[in-house]
1. Is at least one residue of the range 276-290 at pLDDT below 95 and either over 19 Å from Pro44 (Cα atoms) or touching a helix residue (DSSP H, G or I) at 6+ places or on another chain (Cβ under 7 Å) (or both)?
2. Suppose we filter the range 36-66 for residues that are under 20 Å from Ala292 (Cα atoms) and either buried (at least 21 other Cβ atoms within 10 Å of the Cβ) or of a type outside the set (D, E, K, R) (or both); how many remain?
3. Residues in the range 180-197: is at least one over 22 Å from Leu159 (Cβ atoms) and surrounded by fewer than 16 Cβ atoms within 10 Å (Cβ to Cβ)?
4. Could you tell me whether the range 258-267 includes any residue that is within 21 Å of Glu200 (Cα to Cα), of a type in the set (Ser, Thr, Tyr) and surrounded by 23 or more Cβ atoms within 10 Å (Cβ to Cβ)?
5. Looking at the range 262-300 only, could you name the residues that are of a type in the set (A, V, I, L, M), closer than 26 Å to Asp128 by Cβ and under 17 Å from the mean Cα position of the chain (by Cα)?
6. Quick check on Ile57: is it modelled with pLDDT of 90 or more and over 26 Å from Lys165 (Cα atoms)?
Amino acid sequence: MPLKNNTKPADVLPIFDTHAHLDFPQFEADHAALVRRLENGTFPGGLAPEELEGQQIKIVGVLIPGVVSHTRTGGSNFARADDCVAGHAAVQSSAHMFHYAVGIHPNHTAGIAEADWQTVAEHARQDDIVAIGETGLDRHWNDAPIEVQMDMFHRHIELSQETGKPVLIHCRDAWKDMLPILRQSGKLCGVIHAFSGDAEQMLECVELGLHISFAGSLTYRNAKFAALWEAARQTPADRLLIETDAPFMIPHPYRGKLPRNEPTLAALTALRLAELRNVPLRMIAETTTANALRLLGKELGNRTQQTECSAEQSPGNGLSR
């Protein structure tokens, strides 16, 4: 049976989507309409899930990761505000909602020149960049040699440590390669985005200083996701994050029914987290939003004095539920 929310009618559910590719071509045609939906907290297609009846979604923030070293027009995409959704004139009024990372996705690391990396590093030091990545390892597609992916992954981690900004980590079918690198990297601060591992892998990532972000796959009802569900139950509350990975990973029950994912649909991942952890939906929404703001050095859209990554952390911080 679907989880019925147990919050009061008209409660505001704050949502921070920590990973959404709103600069991808899938969003080109209707930026303004998309942002209106985010401002209003509404689902695409006029959908209104029964489980969220009476709840008002409030999109507090969306983190847009860096992925490639060039744009469709051949120029650098590291200008961010010129090429991402918040740079379009139609959505300037909502620019406070969007936050940016810079990096090179592992599947785009083949053929990257040293000058490309230097551009990443330069932009990473700018105040309007709040995170480093998306980086990591991917053995599913094998679009780049694993040795090249590893080299760029190391560089992103070092850049994160240098700048005190969290690193956004992609891991697909590569846990055996990933964990040794993380163990050898010293102090870490960042996110395993769209987490796909089990409870043991989750706990090791948390011990190493990382947050765990769950995406639409958490909502899938196939038994093959049982290990992921258990990881979600056991993740320490102060390391929980949610995301869409939009336009990908559309959550249940709209998988296969919508053409793309959008940040408001992260509420369905929050709903599934609440169900798995047997806690109120509002608690999950508030906790994951607070965690995201703290990690990124944000407070309701304003820069704080330091990010969680630049602050001193005691060993084992965050391990109690």
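1. Of the range 276-290, the ones at pLDDT below 95 are none.
No, the range 276-290 has no match at all.
2. Applying the first criterion (under 20 Å from Ala292 (Cα atoms)) to the range 36-66 yields 38-39, 41, 56-66.
Applying the additional criterion that residues be either buried (at least 21 other Cβ atoms within 10 Å of the Cβ) or of a type outside the set (D, E, K, R) (or both) yields 38, 41, 56-57, 59-66.
Residues flagged as under 20 Å from Ala292 (Cα atoms) and either buried (at least 21 other Cβ atoms within 10 Å of the Cβ) or of a type outside the set (D, E, K, R) (or both) within the range 36-66 amount to 12.
3. No, the range 180-197 contains no residue that is over 22 Å from Leu159 (Cβ atoms) and surrounded by fewer than 16 Cβ atoms within 10 Å (Cβ to Cβ).
4. Within the range 258-267, the subset within 21 Å of Glu200 (Cα to Cα) is none.
No, that holds for no residue.
5. Step one: of the range 262-300, the residues of a type in the set (A, V, I, L, M) are 265-268, 270-271, 273-274, 276, 279, 281, 283-285, 290, 292-293, 295-296, 300.
Then drop every residue that is not closer than 26 Å to Asp128 by Cβ, which leaves 266, 290, 292-293, 295-296, 300.
Within the range 262-300, Ala266, Ala290, Ala292, Leu293, Leu295, Leu296 meet the criteria.
6. Details: modelled with pLDDT of 90 or more: yes; over 26 Å from Lys165 (Cα atoms): yes.
For Ile57, the condition - modelled with pLDDT of 90 or more and over 26 Å from Lys165 (Cα atoms) - is met.
Quick grid of which residues meet (1) in contact (Cβ under 8 Å) with a residue 12 or more places away in the chain; (2) over 18 Å from Arg294 (Cα atoms); (3) assigned to a helix (DSSP H, G or I):
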| site | (1), (2), (3) |
| --- | --- |
| Leu168 | yes, no, no |
| Pro180 | no, yes, yes |
| Leu188 | yes, no, no |
| Phe195 | yes, yes, no |
| Met202 | yes, yes, yes |
| Leu228 | yes, yes, yes |
| Met249 | yes, yes, no |
| His252 | yes, yes, no |
| Leu258 | yes, yes, no |
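The values are calculated or read from the model by the stated rules, or taken from the named source; none is laboratory data. Remember, it's a predicted structure, so these values are computed and weren't measured experimentally. Note that we place each Cβ from the backbone using ideal geometry, even for glycine, and neighbour counts take in every protein chain shown.
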